[in-house]
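Trainee: Right, I'll just put the structure down here and ask away after.
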Protein chains: 4
Amino acid sequence: MILIIRPDRTDIEFDKLICELESMKMKTHVSVGENTTIVGLVGDTSLLDINEMKANPLVLDVKRVSEPYKRANRKFNSADTVIDINGVPIGGGYFTVIAGPCSVESQQQLNLIACNIKKSGASVLRGGAFKPRTSPYAFQGLEAEGIKILENAKSREDIPIITEIMDISDLRYFENVDIIQVGARNMQNFRLLKMLGRQKKPVLLKRGMSSTIEELLMSAEYIMSEGNNDVILCERGIRTFETSTRNTLDISAVPVLKKLTHLPVIVDPSHACGNACFVPALSKAAIAAGADGIMVEVHNNPAKALSDGAQSITLEEFDCLMNNIRKYAELENKKL
Amino acid sequence: MILIIRPDRTDIEFDKLICELESMKMKTHVSVGENTTIVGLVGDTSLLDINEMKANPLVLDVKRVSEPYKRANRKFNSADTVIDINGVPIGGGYFTVIAGPCSVESQQQLNLIACNIKKSGASVLRGGAFKPRTSPYAFQGLEAEGIKILENAKSREDIPIITEIMDISDLRYFENVDIIQVGARNMQNFRLLKMLGRQKKPVLLKRGMSSTIEELLMSAEYIMSEGNNDVILCERGIRTFETSTRNTLDISAVPVLKKLTHLPVIVDPSHACGNACFVPALSKAAIAAGADGIMVEVHNNPAKALSDGAQSITLEEFDCLMNNIRKYAELENKKL
Amino acid sequence: MILIIRPDRTDIEFDKLICELESMKMKTHVSVGENTTIVGLVGDTSLLDINEMKANPLVLDVKRVSEPYKRANRKFNSADTVIDINGVPIGGGYFTVIAGPCSVESQQQLNLIACNIKKSGASVLRGGAFKPRTSPYAFQGLEAEGIKILENAKSREDIPIITEIMDISDLRYFENVDIIQVGARNMQNFRLLKMLGRQKKPVLLKRGMSSTIEELLMSAEYIMSEGNNDVILCERGIRTFETSTRNTLDISAVPVLKKLTHLPVIVDPSHACGNACFVPALSKAAIAAGADGIMVEVHNNPAKALSDGAQSITLEEFDCLMNNIRKYAELENKKL
Amino acid sequence: MILIIRPDRTDIEFDKLICELESMKMKTHVSVGENTTIVGLVGDTSLLDINEMKANPLVLDVKRVSEPYKRANRKFNSADTVIDINGVPIGGGYFTVIAGPCSVESQQQLNLIACNIKKSGASVLRGGAFKPRTSPYAFQGLEAEGIKILENAKSREDIPIITEIMDISDLRYFENVDIIQVGARNMQNFRLLKMLGRQKKPVLLKRGMSSTIEELLMSAEYIMSEGNNDVILCERGIRTFETSTRNTLDISAVPVLKKLTHLPVIVDPSHACGNACFVPALSKAAIAAGADGIMVEVHNNPAKALSDGAQSITLEEFDCLMNNIRKYAELENKKL
């Protein structure tokens, strides 16, 4: 961390600041220029708060040199993390396809979808039971019953399941869920992250709509700092001025994250664009950019879906997409 | 709500769609043009999901005509809502100043600040007990103990208190808190909103960093739809490309919200800019733009604050700001 | 175009509005609901200005149904435009790679780069002669001399050249240039666009940093409306809150544009990310998403480049990238 | 400027880098830490390009310490610049109101508006002659004839005039124009800026829709570096995700700019919100935030305006606004 010091400070004030910094177990390197004095801090600066530093009246500005996350940082753990989901590996040399409906609607529907996506090549089944909806008047999901339906499909089709948690108090329903999903709106629900950090279950963490890549990694750090290292990161589109797609898929986040962290990175093309007709193009782009997997909304009858039908592809379209994915995975030397 | 229909639809398909829409208790008005057929829906469209409508393969696009919120809508309740906080009115012809430290640090600190801000003219004391921090390694607040400190200052100085809730499970600590604050990161924590909707306590709802004004009103609607109408909206800056301030204060949100809703609208200039030296200018701009109040971070010694010191003004600066606020309030015919 | 009418209008006012609209050669379809009256306008609404319509005191809101661009619209010209650049086709079933240094620095440098990128498989040589730089104190390009250097490299290596125009008054220098580039900062320099619309030379139009896809198409329309249909669109990253890359590549813009327009769409991964190490991943993503080509910055010695060295890949990295591009192009059935 | 050096560099490479930096007339201060080596550069770093520095393979990252603009920098010229417009001062202790129609439509219209706004208290007349329009099919302004109409109104009402230039080649028409306006879309038309820097006429420079405050100051620097110091900066709203207003007025830009530069700063509330009903609130916010003036669109009959009618206030509304402005100016100790 580098502190830029006001040119008009007195030597006494400055010496006091240096003492304070050293009392925080930081080594200091001072460079005195004509107009600017710079203090470099060496030590575990991930414990320092950049805003606290800025509050000091002697400090003009503060620049971070090293990343504020540790456990998620590739520098301290260069090998790719590979997470085992009941025999399905995520990360490393694998490309994992998670598919299923936005909302779980009925046992019959989910069985039909689960059976088909598995046949097409998906390896994890998704389905929303607790649904975060912008309007209090919209369908809020089947809740606990939805999870039971997922569990039945899981044992019937022998496929791991993932579903979203909205509140800590629902954790008891997630015992047989294989991956717990944290939605974009909860990416900075720090209480929830800490609690999930104390579970022994993989967590798929979606990037918030307006969260930076660094904030996403800090949220992963919340989970990991409590002991759970099985975190999967998911880019799902950010909010920008462009309105022709629901969100703007930040495809560069894939290679950036792969450089910064050892955690698996997957892409959700469905929420990113909000339009089924763009899902195949974005799925292929995800694998070409280096993602470890995709999570796609698939529905047996999108026009009748209880939520997000506009962005769901059909079972046939998914089968066709998987044929393309297989070719791209081969080019990228990824096992499906 | 207006549906734009594909030009290549068959009559049979179209008639089926109209039947479906009417079975949802919507009246339909059809206009057939040369290239485009338009269906206008009349009825309570706040219950319709725009994304479900778009999923219908006959539908090219959907445009909303009326707002999706009802209880928060000024159209259905034209008079300003005035909320009584233990004798302190918020909304209507009043301008309310909420002030205090970012984090509650000690009883002594809070007493000192409470006494001073009250003397200067603030009418509500703020202070964070449960702190949402980007880093798991940063100070997380005094939690339950912090609320006790707030309660003591409240009874000592006879001033209502406001503090932030981070999780439903903490609700028991908020019995003597006068206004429960929902932070920007929790604006779409729908479970929390619903639970607060069942309380008999005013809620201050902060706009999410990348939430639209309509989404803010939908989140207010979540609280109100459960029976609690005492919602105060707070603009605190949105995330944009500009980095010279921490966030970008959306000052236009004030007149826009005052037009769309009857709920009180206040501004948090401290989080908006993240820099104490801009707080006075933005506070004056807030009152000039029509806000019903401001929430300002004030600290006895910003350089030593445990959080957000850079954006806290001193007790002296706050006193000076209040002198200006009084003159501006007079110009705007607002009672302080 | 749909007009939403104020509920409190008188019949006389309303009839007057309808007369005015019909005098503009628009057919009107009126739907009177309980709370809302809607007027659908049928005719060539691309000539109407949405803001003028909104200014009418009877009009609450205006929604566009059809696109405001015509010549660039795929609806009116479904076949892909294929542009011939001295024998090099752009668009249709082709994938075109444009490569070269950010700035032309010397004849020797450009010859070296041109020879190498051609050998690796690029089909157009890029190089900046007139350089738009944020700082007046930065290197502004070799200007007219730079174009002469490009022309020499063109005839030596028999490869078409592209370079950027910054002002109409420089047009005389572009006689032997094969594609004239309009930079992101000039995307709405309407005078320049109109003048280029009167030339018989292909134009590569870069998307402005904060321009919507519709605005990009409207700028293409400016060129086409003057008679020049040879417009190549280029996505080069948009400005968002994310700072880990220089801009945010809007990869979805590729399939969205391919759906809306028949014009060729290429991607500039170098400016999008601003970091050479992410260029290969984004180049592959571009082709996977359906782009008709890429434009890549390549430099013989990036550390010594006079501009944008950080985002330039080396000659060796480019050669390696082309090997990957060939495999991806085959998968997408594109001729290189 | 601070360079963060790769930890894996050899001493020979590092010494070479230091030599190169010193050959650029920079003094270097090296701090060697355990994991990171930092080089501080002292000298005129405004001449250095941050991207060139980043391209060096030894350099991990670069942080600027001092601003890249000099002439516009308040550090080197602490007194407010006051610009004299034919006897009307802008900047310093003055608050200047510029008003008039979006487009000049006819002599009669402009005379009527000029006469009325002057009576109400405006001191400069605005009106568009050359109009940048998104659509090639929209009204493009009366061009040279429009400027003649402005000149006539100027001499009739004895009021200075301001109008926008779109291209260098039109400069000959601006001889009797008192302030030349550079529109948001041309903020980085560097050729135009340089040419205006060689004129002896004040320039009003609008901030680009997605330009940072630093980029705005760099564009002012382009004009000033050619010898013209009479630059007025104008905040007119930036592009964000929020759609309830046309743009998002960045009100914080006012105090930020006042701190960074000595140049006058004005606000255009009309383009910022795009809706006449919010213009008064934003005008008052501008003066409260410390602006040196506002530029407001006023029209005798907004519903019939040839452009931007939706955001134009009427002559009566303007008169009423001026009454408020006078009271606010008094509070802020500004002369009108």
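The values are calculated or read from the model by the stated rules, or taken from the named source; none is laboratory data. Predicted, not measured: the structure shown is a model, and the values here were computed from it. Cβ coordinates were reconstructed from backbone atoms using ideal geometry, including for glycine residues, and neighbour counts include every protein chain displayed.
Trainee: What are the residue pairs meeting all of these: first residue in the stretch C:2-14, first residue touching a residue at least 24 places away in the same chain (Cβ under 8 Å), second residue among the hydroxyl-bearing types (Ser, Thr, Tyr), Cβ atoms under 7 Å, and 6 or more apart or on different chains?
Mentor: Correct list of pairs: C:ILE4/C:THR36; C:ILE5/C:THR37; C:PRO7/C:THR36.
Trainee: In the stretch C:284-315, which residues are of a type in the set (Asp, Glu) and more than 7 Å from every other protein chain (Cβ to nearest Cβ)?
Mentor: Across the stretch C:284-315, the qualifying residues are C:ASP292, C:GLU297.
Trainee: Cβ contacts < 9 Å: first residue in contact (Cβ under 8 Å) with a residue 12 or more places away in the chain and in the same structural domain as C:GLU145 (by TED's automatic domain parsing), restricted to the stretch C:97-111; second residue aromatic (Phe, Trp, Tyr) and surrounded by fewer than 24 Cβ atoms within 10 Å (Cβ to Cβ), any location; separation 6+ or different chain. Result?
Mentor: Every condition considered, the pairs that remain are C:SER103/C:PHE139.
Trainee: Going by the conditions given, is C:VAL30 of a type in the set (A, V, I, L, M) and either without any contact (Cβ under 8 Å) to a residue 60 or more places away in the chain or closer than 30 Å to C:ILE232 by Cβ (or both)?
Mentor: In short, yes.
Trainee: Looking at the stretch C:237-274, which of the residues that are out of contact with any helix residue (DSSP H, G or I) (no Cβ under 6 Å at 6 or more places or on another chain) and among the polar types (S, T, N, Q) is surrounded by the fewest Cβ atoms within 10 Å (Cβ to Cβ)?
Mentor: Residue satisfying both the conditions and the ranking: C:THR243.
Trainee: Can you name every residue in the stretch B:126-170 that is under 20 Å from A:SER225 (Cα atoms) and of a type in the set (Gly, Ala, Ser)?
Mentor: B:SER135, B:ALA138, B:GLY141
Trainee: Only one of A:LYS54, A:LYS75, A:LYS70, A:LYS119 is exposed (fewer than 15 other Cβ atoms within 10 Å of the Cβ) and not assigned by TED's automatic domain parsing to the domain that holds A:VAL267. Can you tell me which?
Mentor: Only one candidate passes the filter, namely A:LYS75.
Trainee: So, one more: Return the residues of the stretch A:251-302 that are in contact with a Cys (Cβ under 6 Å, 6 or more places away or on another chain) and of a type in the set (Asp, Glu); say none if nothing qualifies.
Mentor: Matches in the stretch A:251-302: A:ASP268, A:GLU297.
Residue-by-condition table, conditions (1) surrounded by fewer than 24 Cβ atoms within 10 Å (Cβ to Cβ); (2) closer than 24 Å to B:LEU263 by Cβ:
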position	(1), (2)
B:PRO132	yes, yes
B:ALA138	yes, no
B:ILE162	yes, yes
B:ASP178	yes, yes
B:ASN186	no, yes
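Trainee: So, in the stretch A:144-162, exactly how many residues are closer than 22 Å to B:TYR222 by Cβ and in contact with a helix residue (DSSP H, G or I) (Cβ under 8 Å, 6 or more places away or on another chain)?
Mentor: The total comes to 1.
Trainee: Out of the residues in the stretch C:1-17 meeting the condition of being under 21 Å from C:SER46 (Cβ atoms) and β-branched (Val, Ile, Thr), tell me which one is nearest to the chain's Cα centre (by Cα).
Mentor: Step by step, filter the stretch C:1-17, then rank; the result is C:ILE2.
Trainee: Next question. Any residue in the stretch B:142-156 that is within 16 Å of B:ALA305 (Cα to Cα) and either at pLDDT 95 or above or part of a loop (DSSP other than H, G, I, E, B) (or both)?
Mentor: There is at least one residue in the stretch B:142-156 that is within 16 Å of B:ALA305 (Cα to Cα) and either at pLDDT 95 or above or part of a loop (DSSP other than H, G, I, E, B) (or both).
Trainee: Let me ask something else. Name the residue that is farthest from the other protein chains (Cβ to nearest Cβ), counting only residues in the stretch A:316-336 that are in contact (Cβ under 8 Å) with a residue 24 or more places away in the chain and out of contact with any Lys or Arg (no Cβ under 9 Å at 6 or more places or on another chain).
Mentor: So the residue we want is A:LYS335.
Trainee: Continuing with the same structure: Read through the list (1) assigned to a helix (DSSP H, G or I); (2) touching a helix residue (DSSP H, G or I) at 6+ places or on another chain (Cβ under 7 Å), then give the number of the only condition that C:ASN300 fails.
Mentor: Here C:ASN300 meets the rest and fails (1).
Trainee: Please verify whether B:ILE162 is farther than 30 Å from C:ARG239 by Cβ and in a helix (DSSP H, G or I), treating the condition exactly as stated.
Mentor: No: the conditions fail for B:ILE162.
Trainee: Given A:ALA310, A:ALA285, A:ALA291, which one is crowded, with 24+ Cβ neighbours inside 10 Å and assigned to a loop (DSSP other than H, G, I, E, B)?
Mentor: After applying the criteria, what remains is A:ALA291.
Trainee: Tally up the residues in the stretch D:173-191 that are hydrophobic (A, V, I, L, M, F, W, C) and closer than 12 Å to D:ALA220 by Cα, please.
Mentor: 3
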